[in-house]
Amino acid sequence: MYSLIRDDENRELIIQKYYQQIMNCWGMEQVKEVVKKWELLRKNVGSFPADEPVLLPEYLWFSRSGTGKSEMLQLLAAYLDAGQIMPFSGMERVIEYDLEYCEENEPFEDLDNLIKYLSASSAYHNEFKGILAVNLDNWLPHLDNLHFVEFLEFLSEHNRSLLLILIAWPDKEYMDKLEKILSLYLRVHTVMIEMPEAEEMFAFIEAKLERYHCALSEEAGAILLDTLSQLRDLEGFDGYKTLEFMVQEIVYEYYCGEKVSSHVIGPDVILDFLKNGKFVDRYRKRYDRKEKLRAAGFRPGF
């Protein structure tokens, strides 16, 4: 009896660890509301028959690049697995897939590729069980394409073994249409993931710098906040990925300077981060190169 109670206590500690990590993530407020519902579901598991599980709905995440989706997906999987809210089996708990567009008169090879990927990821199990997150951006202008319907039919036949999270960043025109089409095949719940405001991004950078025993001076902070306000509105801004890059650049420049004493980073250290400085210029050029690679058929992750 003692060991059973002890195991339950340890399991609950692990569950709460992942739950708090999710709640402590920057932004993602609507995702956190979903997880709060899952927590209530977990606590009510004994209230319904074990042979009639409550299936999670599918989710449509409206989100642009750089909002921290990949990290959140891994945390969600860890929480769901620890809490035994859904089964997991296979070589990985999360599969992220960028579904390529296909003309109707051509064979839908990328759906075949996805099916093969799921099969390979199941390893020695009969099927992959876990989170499948699929980016639909390539299909937004082509939602009436018969291959897209074929893809949705495939998902509807396999949604008992998968937690489906479909991801897109459409214009309002396609947002409504996508929701309607998905609802014909799936129990889809919509989640909006907003790009953080400049002040929230600034707080994120400050928190990261604290880990290196650094702090921005008032003047340096004003410069950085001004730059973040501009970066946020740039096409292709990838959010937290860029913020992590900025932190590493600032820390590197600071600790490569004169003998550190005050641990206060002044404006001289972040001159490259002026809104018309080298960093923003390099960022624009990097985005242009990525777009050229995408046009040439390179498949970036999301």
Tell me, please, whether a residue that is on the phi > 0 side of the Ramachandran plot and surrounded by 14 or more Cβ atoms within 10 Å (Cβ to Cβ) can be found in the stretch 207-217. no
Looking only at the stretch 85-101, how many residues end up being under 18 Å from residue 126 (Cβ atoms) and part of a loop (DSSP other than H, G, I, E, B)? 7
So which residues in the stretch 248-266 are touching a residue at least 40 places away in the same chain (Cβ under 8 Å) and not in a helix (DSSP H, G or I)? 263, 264, 265, 266
Tally, over the stretch 56-84, of residues that are part of a loop (DSSP other than H, G, I, E, B) and within 18 Å of residue 200 (Cα to Cα): 6
Considering only the stretch 64-114, state which residues are open to solvent by less than 20 Å² (accessible area, probe 1.4 Å), within 19 Å of the chain's Cα centre (by Cα) and modelled with pLDDT under 95. 66, 67, 69
Testing residue 173 on (1) touching a His at 6+ places or on another chain (Cβ under 7 Å); (2) surrounded by fewer than 18 Cβ atoms within 10 Å (Cβ to Cβ); (3) farther than 28 Å from residue 37 by Cβ, one condition comes back false. Which one is that? (1)
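A quick yes/no check of all residues on (1) of a type outside the set (Ser, Thr, Tyr); (2) part of a loop (DSSP other than H, G, I, E, B); (3) closer than 18 Å to residue 284 by Cα:
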position	(1), (2), (3)
222	yes, no, no
227	no, no, yes
235	yes, yes, yes
241	yes, no, yes
246	yes, no, yes
268	yes, no, no
271	yes, no, yes
State whether one or more residues within the stretch 227-238 are within 29 Å of residue 134 (Cβ to Cβ), modelled with pLDDT under 75, open to solvent by 90 Å² or more (accessible area, probe 1.4 Å) and of a type in the set (Asp, Glu). yes
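Per-residue answers, yes or no, for (1) closer than 16 Å to residue 227 by Cβ; (2) at pLDDT 70 or above; (3) basic (Lys, Arg):
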| position | (1), (2), (3) |
| --- | --- |
| 267 | yes, yes, no |
| 275 | yes, yes, yes |
| 280 | yes, yes, no |
| 283 | yes, yes, no |
| 287 | yes, no, no |
| 290 | no, no, yes |
| 293 | no, no, no |
Taking the condition within 30 Å of residue 126 (Cβ to Cβ) and over 19 Å from the mean Cα position of the chain (by Cα), does residue 182 pass? yes
Positions within the stretch 242-269 being under 29 Å from the mean Cα position of the chain (by Cα) and open to solvent by 50 Å² or more (accessible area, probe 1.4 Å), in sequence order: 244, 245, 248, 249, 252
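The values are calculated or read from the model by the stated rules, or taken from the named source; none is laboratory data. Fair warning: this is a prediction, and the values are worked out from it, not measured in the lab. Positions of Cβ are backbone-derived with ideal geometry, glycine not excepted, and every protein chain shown enters the neighbour counts. The protein model used for the area step is the full one, side chains on, heavy atoms only, and it has no ligands, DNA or RNA in it. Shrake-Rupley method; radii C 1.70, N 1.55, O 1.52, S 1.80 Å.
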